Amino acid sequence: MKTALDCLPCFLNQALRAGRISTADPEVQLMILHEAASLIQKMDMNRTPPENSVDFYAMIARLSRNPDPYLELKNQSNDQALAVLPALQKEIRAADSPLALAFRLAIGGNIIDYGALKKFDIGAALAVCREVPLVIDHIQALLGVVEGLPPSAKVLYLADNCGEIVYDSLVVELLSDRGLDVIVAVKGAPIINDALISDASHCGMDRHARIISNGTACPGTPLTRCSSELQECFWSADLVISKGQGNFETLSEVDRQIFFLLTVKCPVVGAHLAEMAGVVPSRLSGDGELVLYDHSGNKNL
């Protein structure tokens, strides 16, 4: 997915939000906005939005001298999710289709996104995701793939944000219980509120899966920039599950089957996804629509 004109004001808004989180100094905040405007003028519109965001957040970290401005918010998100995890695990065990419910809760958890959103209500998102129809609903296709995997088959799960990764663990635990070899990929360095190896370990993900870094500080998975370990896992996996907008934006045109799980929080992403999936664009306006999309390659794009 290429960067669109509508992404440019969004980059400025993100720079302002991140600048205010990174430093209380209004002069530094102004410097950040000036530098962000300069970066926009040189932006490569053929790159994906997450790839273009890397320079923005590196600049903010440099000028504010704060390498991980979202650290406190990330820790809060993890701890809030961990507090409700036992109740969710109990609910899933009692469900008619535990894995289907786990997928829904993971999609609902994708509302935790400090890049795309200024505020959100995780409790409301989790309540909604249990009941409302998915705009793109390929859950049965994903369940069918999982059912057909032999023991020790390799599953690559591309994680997204802190807090959200706790809800991802509901899926990962069920996949691991089936005897599957689950690998969870997180980011290699701080970027917005994306999860790192330390977050995955803190949330107990390492009890059910092998945790690897994708080798980047990009809020997505730009394959050619990722580590050789991530690339090998991606192409050799029997199943790839991708969480969140950033991973979708960077992988939407990759030619292999990927199951994308996300809450759509951006009209540009919604329009691109609607075109790919053959959905009426008005159904994916970027206002929190829930999606599980079976993408089987870009041959028809």
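Laboratory data are not the source of any read-out in this text; all were calculated from the coordinates shown. What you see is a predicted model; the values in this text were computed from it and never measured. In this analysis, Cβ positions are derived from the backbone assuming ideal geometry, glycine residues included, and neighbour counts consider all displayed protein chains.
Toward the positive end of the charge dipole of the range 71-296, with +1 on the Cβ of Lys and Arg and -1 on the Cβ of Asp and Glu, the farthest Cα among ILE258, ALA185, VAL291 is that of ALA185.
For the pair ASP55 and ASP79, label points projected 7 Å from Cα toward Cβ lie 3.8 nm apart.
Relative to its Kirkwood radius, the Cα radius of gyration of the chain gives an Rg/Rh of 0.95.
Dipole check for the range 224-301: with +1 at the C-beta of Lys and Arg, -1 at the C-beta of Asp and Glu, and the Cα centre as origin, the magnitude is about 120 Debye.
For the chain, the Cβ-based charge dipole about the Cα centre amounts to some 220 debye (Lys, Arg positive; Asp, Glu negative; other atoms uncharged). With a Förster radius of 25 Å applied to the beta-carbon distance between LEU5 and ARG283, the computed FRET efficiency rounds to 0.65. Give, as a single signed number, the net charge of other residues whose beta carbon lies under 14 Å from the beta carbon of ALA209, with Lys and Arg counted +1 and Asp and Glu -1. Within the 14 Å Cβ shell, the charges total -1. The slack in the chain from ARG210 to GLU229, taken as 0.36 nm per residue of separation less the alpha-carbon distance, amounts to 5.6 nm. In whole angstrom, the range 7-64 maps to an equivalent ellipsoid with semi-axes of 20, 10, 9, each derived as √(5λ) from the alpha carbon gyration tensor and ordered largest first.
Out of ASN46, ASN78, ASN161, any idea which swings most in a Gaussian network model of the chain, alpha carbons joined below 10 Å? Of ASN46, ASN78, ASN161, the Gaussian network model singles out ASN46 as fluctuating most. Computed on the range 246-301, with alpha-carbon pairs under 8 angstrom and 6+ residues apart, the relative contact order is 48 percent. Annotation: extensible slack from GLN89 through MET45 equals 11.6 nm (criterion: 0.36 nm per residue apart, minus Cα-Cα distance).
Rounded to the nearest 20 debye, the dipole size of the range 1-136 about its Cα centre is 120 debye, using +1 on the Cβ of Lys and Arg and -1 on the Cβ of Asp and Glu.
Here the range 91-222 yields Rg over Rh of 0.95, to two decimals, using C-alpha coordinates and the Kirkwood radius. Hey, with R₀ at 25 Å, roughly what FRET efficiency would ARG65 and SER38 work out to, going by the Cβ-Cβ distance, to 0.05? So the FRET efficiency works out to roughly 0.80.
With contacts taken as Cα pairs under 8 Å at a separation of at least 6 residues, the range 1-122 carries a relative contact order of 25 percent.
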